[in-house]
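The values are calculated or read from the model by the stated rules, or taken from the named source; none is laboratory data. As the structure is a computational prediction, the values presented were derived from the model and not from experiment. Here Cβ is always computed from backbone atoms with ideal geometry, including for glycine, and neighbour counts include all displayed protein chains. Heavy atoms of the whole protein, side chains included, go into the accessibility calculation; ligands, DNA and RNA do not. Shrake-Rupley method; radii C 1.70, N 1.55, O 1.52, S 1.80 Å.
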Amino acid sequence: MRVLVIGGGGREHALSWALARSASVDHVVCAPGNVGIEGVAERRPVDAEDPAAVVALARDVAADLVVVGPEAPLVAGVVDALTEAGITAFGPTAAAARLEGSKTFAKEVMQAAGVPTAGYWSGTDATAAKAALDGYAPPYVIKADGLAAGKGVRICADRAEAERAIDDALVERVFGDAGSALVIEEFLDGPECSLFGLSDGTRVVPLAPAQDFKRALDGDEGLNTGGMGAYSPVPAVGADMVADIHARALQPVIDEMARRGTPFVGVLYAGLALTSKGPKIIEYNARFGDPETQVVLPRLTSDLGLLLEACAKGDLTTAGPVTFGDDACVTVVMASDGYPSSYPKGLPITGLEAADALDGVTVFHAGTAERDGAVVTNGGRVLAVSATGNSLALARARAYQGVGTVDFDGAHHRTDIAATPTT
């Protein structure tokens, strides 16, 4: 089949790469894509958040399946428009994508479904939000209700910092409309873990767990980012725990969304804290995570094209079992100087071909572009250097070998990704 992938980041590069390796897929188009994706897919321009433009492109490339990668097009109703046009699409409708588009809505769904999660307050008034802090102990978790490109969460060590975070969102409007409402949550102790579930609207099948690293600096210091690296498998999250998370936090949400008349088709991404009282949900996303996709898909041995098509057509059982290889995978994000705050663009990148030639290494592009025949930086998270190996230690060594081969001015990466896997 011919598959159209919507998006242009590292996640979409990994999706295009995995789909191109699928026996069921003859041709992959990625729109708008990035310069790195050209190695595995045809690139086409499109405004990913314009449903009519996506429909027109899907028709033009004769797509048998459209896979929508980022959250913004999902919330904008791209899947709704594709479905109405009779085009098979993988991803939730705008109504179902509210699980990511509104943290308050997600909390309401969790509460109705009996999902283990943190206690919370939500609202739009800064004075009321500051008063609500009385019900919580530090560190305080302050979240913008809407989509904020992975930067809308503040973990605040004391009350003064929490009140500044509230003012930033509700008074200064640093997140725009995404921060017009806030969620304040109880802090969940313990390491974090990500678990993707593929859903056809009725059933959900978990993929391999991964652990990502949100903070910009080593030792989980610095500002929150979209993710600075990840690894899979996670030794602490074995088959029994995956089954428990599936039973308590994935399937109940799929059931609740169906009960509400907004069935969820696509990837239900569960962000979890492995607390002293068991796994609890931090948040749900409505799409593959980045950079977790860059460590989960290289381990997948099932045909990704068949799996996504089966979900989109409403019957996962037709795709066969979901299987993974024994190899581990580690990815290290190379970011621009200054990320997640302001950063330069247009800096030449060297060493990409040499890194891709290393044993087990694949370089996934995120914030890159082409200028005068050269690859240059074009975003905060520039590359995700992924590597597989027969152990996490080998995969990690290979990933950092790849990182050491690539260079651009001001390149920043964490040095502790997968250094001490959670056991």
Within the stretch 334-359, tally of residues that are open to solvent by less than 80 Å² (accessible area, probe 1.4 Å) and within 26 Å of Ser302 (Cα to Cα): 2
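Taking the conditions exactly as written (over 20 Å from Thr331 (Cβ atoms) and either modelled with pLDDT of 95 or more or open to solvent by 20 Å² or more (accessible area, probe 1.4 Å) (or both)), does Ala249 satisfy them or not?
Working: over 20 Å from Thr331 (Cβ atoms): yes; either modelled with pLDDT of 95 or more or open to solvent by 20 Å² or more (accessible area, probe 1.4 Å) (or both): yes.
The answer is yes for Ala249.
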Subset of the stretch 264-281 (residues that are assigned to a loop (DSSP other than H, G, I, E, B) and in contact with a helix residue (DSSP H, G or I) (Cβ under 6 Å, 6 or more places away or on another chain)): Phe264
Test: residue in the stretch 294-305 that is touching a residue at least 24 places away in the same chain (Cβ under 8 Å), open to solvent by 20 Å² or more (accessible area, probe 1.4 Å) and of a type in the set (A, V, I, L, M): yes
Residue match in the stretch 20-29 (condition: in contact with a helix residue (DSSP H, G or I) (Cβ under 9 Å, 6 or more places away or on another chain), modelled with pLDDT under 95 and on the phi < 0 side of the Ramachandran plot): no
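If I go through the stretch 148-161 residue by residue, how many of them are open to solvent by less than 60 Å² (accessible area, probe 1.4 Å) and at pLDDT below 95?
Final tally of qualifying residues: 6.
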Scope the stretch 34-60; condition open to solvent by less than 10 Å² (accessible area, probe 1.4 Å) and farther than 19 Å from Asp356 by Cα; matching residues: Val54, Ala58
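Does the stretch 399-413 hold any residues that are in contact with a strand residue (DSSP E or B) (Cβ under 6 Å, 6 or more places away or on another chain), open to solvent by less than 30 Å² (accessible area, probe 1.4 Å) and in a loop (DSSP other than H, G, I, E, B), and which are they?
The answer is Phe408, and nothing else.
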Qualifying residue in the stretch 209-217 (condition: open to solvent by 50 Å² or more (accessible area, probe 1.4 Å), more than 20 Å from Glu108 (Cβ to Cβ), over 19 Å from the mean Cα position of the chain (by Cα) and at pLDDT 95 or above): yes
Filtered residue count, the stretch 124-147, keeping only those that are open to solvent by less than 20 Å² (accessible area, probe 1.4 Å), of a type in the set (A, V, I, L, M, F, W, C) and under 23 Å from Gly226 (Cβ atoms): 3
Qualifying strands (runs of 3 or more DSSP E) (wholly inside the stretch 289-398; at least 1 residues being under 30 Å from Ala89 (Cα atoms) and of a type in the set (Phe, Trp, Tyr)): 361-365
Residue, surrounded by the most Cβ atoms within 10 Å (Cβ to Cβ), within the stretch 380-394, restricted to residues that are closer than 17 Å to Gly7 by Cα and touching a residue at least 60 places away in the same chain (Cβ under 8 Å): Leu383
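Out of all the residues in the stretch 107-123, which are open to solvent by 40 Å² or more (accessible area, probe 1.4 Å) and either assigned to a helix (DSSP H, G or I) or within 14 Å of Glu283 (Cβ to Cβ) (or both)?
Glu108, Gln111, Ala112, Tyr120, Ser122
Do we have any residue at all in the stretch 293-306 that's over 22 Å from Thr415 (Cα atoms) and in contact with a Cys (Cβ under 8 Å, 6 or more places away or on another chain)? Break it down stepwise before answering.
We begin by selecting, within the stretch 293-306, every residue over 22 Å from Thr415 (Cα atoms); these are 297, 299-306.
Now restrict to residues that are in contact with a Cys (Cβ under 8 Å, 6 or more places away or on another chain): 299.
Within the stretch 293-306, one or more residues are over 22 Å from Thr415 (Cα atoms) and in contact with a Cys (Cβ under 8 Å, 6 or more places away or on another chain).
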Cβ pairs under 6 Å, 6+ apart, first in the stretch 334-346 and farther than 26 Å from Gln401 by Cβ and without any contact (Cβ under 8 Å) to a residue 40 or more places away in the chain, second open to solvent by 60 Å² or more (accessible area, probe 1.4 Å) and not acidic (Asp, Glu): Lys345/Asn378
Near pairs, Cβ below 8 angstrom, 6+ apart or cross-chain, from the stretch 362-379 (within 15 Å of Asp337 (Cα to Cα) and open to solvent by 70 Å² or more (accessible area, probe 1.4 Å)) to any residue that is basic (Lys, Arg) and modelled with pLDDT of 95 or more: Asn378/Lys345
